[in-house]
1. From 247, 278, which residue is buried (at least 24 other Cβ atoms within 10 Å of the Cβ), closer than 18 Å to residue 50 by Cα and touching a residue at least 40 places away in the same chain (Cβ under 8 Å)?
2. Sort out which residues of the stretch 238-275 are small (Gly, Ala, Ser) and not in a helix (DSSP H, G or I), and write them in order of number.
3. List pairs: first in the stretch 412-439 and under 26 Å from residue 402 (Cβ atoms), second β-branched (Val, Ile, Thr) and part of a helix (DSSP H, G or I), Cβ under 9 Å, 6+ apart or cross-chain?
4. Quick check on the stretch 100-107. Is at least one of its residues closer than 22 Å to residue 293 by Cβ, among the hydroxyl-bearing types (Ser, Thr, Tyr), modelled with pLDDT of 95 or more and crowded, with 17+ Cβ neighbours inside 10 Å?
5. Mind telling me which of the residues 146, 117, 140 ends up being surrounded by fewer than 20 Cβ atoms within 10 Å (Cβ to Cβ), at negative phi and in contact with a Leu (Cβ under 9 Å, 6 or more places away or on another chain)?
6. Check residue 375 against each of (1) of a type in the set (A, V, I, L, M, F, W, C); (2) part of a helix (DSSP H, G or I); (3) in contact with a strand residue (DSSP E or B) (Cβ under 7 Å, 6 or more places away or on another chain); (4) under 18 Å from residue 338 (Cα atoms) and name the one condition it does not meet.
7. Answer with yes or no whether residue 127 is hydrophobic (A, V, I, L, M, F, W, C), within 13 Å of residue 184 (Cβ to Cβ) and surrounded by 19 or more Cβ atoms within 10 Å (Cβ to Cβ).
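The values are calculated or read from the model by the stated rules, or taken from the named source; none is laboratory data. All values derive from a computational prediction rather than experimental measurement. Cβ atoms come from the backbone with ideal geometry, glycine included; neighbour counts cover every protein chain shown.
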Amino acid sequence: MEGGSSRKRGRRRAASAPLEQEQLAPIAGRLSPLSPDDLGRIDEASRNILTSIGLSDAPDPVHDAVTARGGKLTETGRLTFPLSLIEEALSGLRRNITLYGRTSRHDLVLTDARAHAGSGGASPMIVDRLDGTYRPALLADLYDAARLVDSLENIRFFSRSMIAGDMTTAYDLDINTAYAALSGTSKHVMTSVSTVAHVRDIARICALVAGSADAFKARPFLSLNINHVVPPLRFDTNAAASLMEAARLGLPVMVNTFGQMGASSPVTMAGCLAQTNAETLAGMIIAWLANPDCLAVYGARPMITDLRSGGMAGGSGEQAILTAAATQMARFYTLPNSTIAGATDSKIADAQAGYEKSLSVTMAVQAGANLVTQAAGTQAGLMATSFEAYIIDNDMLGAILRSAVPVEVNNSTLDLDVIAQTVSGDGHFLGHPETYARMKSDFIYPDHADRQAPEAWLASGSPTINSAARQRVETVLETHFPTHIPPDVDKVLRAEFPIRLPRNRMGQL
């Protein structure tokens, strides 16, 4: 069974490689749940929130930057933004953003509605691959997740997927999360920070890995996920200050806002979108004030609340349409954007996880999200990470991204001459040179989803996608120990920072 499965996967890879960039990052954006009038009314409501209601708990850097441009404090201490500042920032924010990998094949172009899907979640737990139980995630698990994503073609970036529970301080957590991710993958890395001081040290790590600060700024391969607001409409003082510092230092920033509909934002989708959009725009504005050339990505992430329990319902149909609508708001401003999709409520990689993830990720991609985080590997409403799910979701993402590629209609693809030749000749197109050529360029073949005939499937031992995924996980983790940080640089990092990941755990002596 193992030999037959391996040979079959080998044939699939040979047939589908190399993948075209248009397949890996299609230009989508054909799903529009909001009408032009809807978009205008939500935009107007968001501006009213910023100019009239404002946000509380602005840290000094935010207060000083906004009031210097005409912002005011209300009698209750809420910071309001003048309309002129909103307009100027929206006009001045960069649209031409690329997030880089350590090699050019992993670059993420965020123009138009070009879509990329990746990991994420910040889960406190992991599904143990040996016995299937939930246990606290460790730093070594995070490194293994990065190694796994490094080997999976359709997971295009690595956003920190777990919180390493064995890190005893916030500083150790921030530094070692960045180190483990950068060690495990050459794809673009997204991580988080706790304080402004940690932003500077992450920038220092990136400069050392890149060779210099200027080299990193030329090709930034790490960005920061920053949740600058605690909904409803209250700045997180540490995060907002960190956002401005990261923008000032040239680190790309994901300006993320999480409001739960019916809990920390209004229970209606329109009200939730208006508040979340206002909170996200506030973050984009303060990043721009810190650095008018900042690499800021609009990250509205309104989430659905299960009103029976108060918990998140990330796998719901309501979540799928809300995410698509939030993505459409980002495209209304033509801003590079990111969102969450794939936050299944299922606890394991099963049919529920499959339909919930595929629904929300498909709608986010079709709506034109540039970056879809949490699209692979997450379970239980982002509370756990599953390595098995990474493998299955990689297949799923290949199909979803391929479905977003526009249909090409021209004389060559209509191909009337070939139709005429075929119907008067062999009567089928299987042997035609065009069929063979496009087999390699126009199709993505799954690595683990089974397409055998029933008889062959039975003869091969009736494998499931889960059993194939588990086998792939073991193979990758036993053999794939990349050296994305050269030994001499690694030595400098370990001398300057408290790196907790042992070299022998990384396949090094």
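1. Values: 247 fails: closer than 18 Å to residue 50 by Cα.
On inspection, the qualifying residue turns out to be 278.
2. Quick first cut of the stretch 238-275, residues small (Gly, Ala, Ser) only: 239-242, 246-247, 250, 259, 262-265, 270-271, 274.
Result: 250, 259, 262, 263, 264, 265.
3. Every condition considered, the pairs that remain are 428/422; 429/418; 429/419; 429/422; 429/435; 432/418; 432/422; 434/418.
4. Within the stretch 100-107, one or more residues are closer than 22 Å to residue 293 by Cβ, among the hydroxyl-bearing types (Ser, Thr, Tyr), modelled with pLDDT of 95 or more and crowded, with 17+ Cβ neighbours inside 10 Å.
5. Details: 146 fails: surrounded by fewer than 20 Cβ atoms within 10 Å (Cβ to Cβ); 117 fails: surrounded by fewer than 20 Cβ atoms within 10 Å (Cβ to Cβ).
Exactly one residue qualifies, and that residue is 140.
6. The one condition residue 375 does not meet is (2).
7. On the way: hydrophobic (A, V, I, L, M, F, W, C): yes; within 13 Å of residue 184 (Cβ to Cβ): no; surrounded by 19 or more Cβ atoms within 10 Å (Cβ to Cβ): yes.
The answer is no for residue 127.
Residue by residue, here is whether (1) within 18 Å of residue 123 (Cβ to Cβ); (2) within 16 Å of the chain's Cα centre (by Cα) holds:
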{"site": "310", "(1), (2)": "no, no"}
{"site": "313", "(1), (2)": "yes, no"}
{"site": "316", "(1), (2)": "no, no"}
{"site": "341", "(1), (2)": "yes, yes"}
{"site": "357", "(1), (2)": "yes, yes"}
{"site": "366", "(1), (2)": "no, yes"}
{"site": "382", "(1), (2)": "yes, yes"}
{"site": "389", "(1), (2)": "yes, yes"}
